[in-house]
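What follows is calculated from the coordinates using simple rules that are stated; it is not laboratory data. Note that this is a predicted model, so its numbers are computed, not measured. Note that we place each Cβ from the backbone using ideal geometry, even for glycine, and neighbour counts take in every protein chain shown.
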């Protein structure tokens, strides 16, 4: 599996790797919960809390990809951004590997199927008259609403991404998503 341009010996298709991933994820969640509880009780500076969360994530990455992989990727406990980037790349690599094995090759069609497909794809001119101006205006309003909805969805997605970057528990959510992908693959 390639993460940030580096090759690692990890595959969602390897049961030992999945066990290692699951164990690392459980340890990370437990340690993160303990650290968060200690932070909530007080007496821990925000920077120290961020460093502890970064160390927890780096340890998890080392357990998943192999000892020393966080150092190999240039991760540092003082900067969370590269850690988030690695976690995002890890999720993308999981999704790519899942897609690679779930995509089926297209079966070649026989002559009858090819002719039926060509007939279906053939463009026939419309039989009806052009729509009156009032109905075209309704279509235009619908298109504007659709564009407005798309804009709102984009804004929501950006807010969610920003929230994940500020949330030390985002690593846990990504790990849970990766576990879900792995579980779907092996069902």
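Structure data summary
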quantity	calculated
Alpha-carbon centroids, region 31-70 and region 2-28: separation in whole Å	19
Calculated FRET value between residue 9 and residue 118, using beta carbons and R₀ = 41 Å, to 0.05	0.30
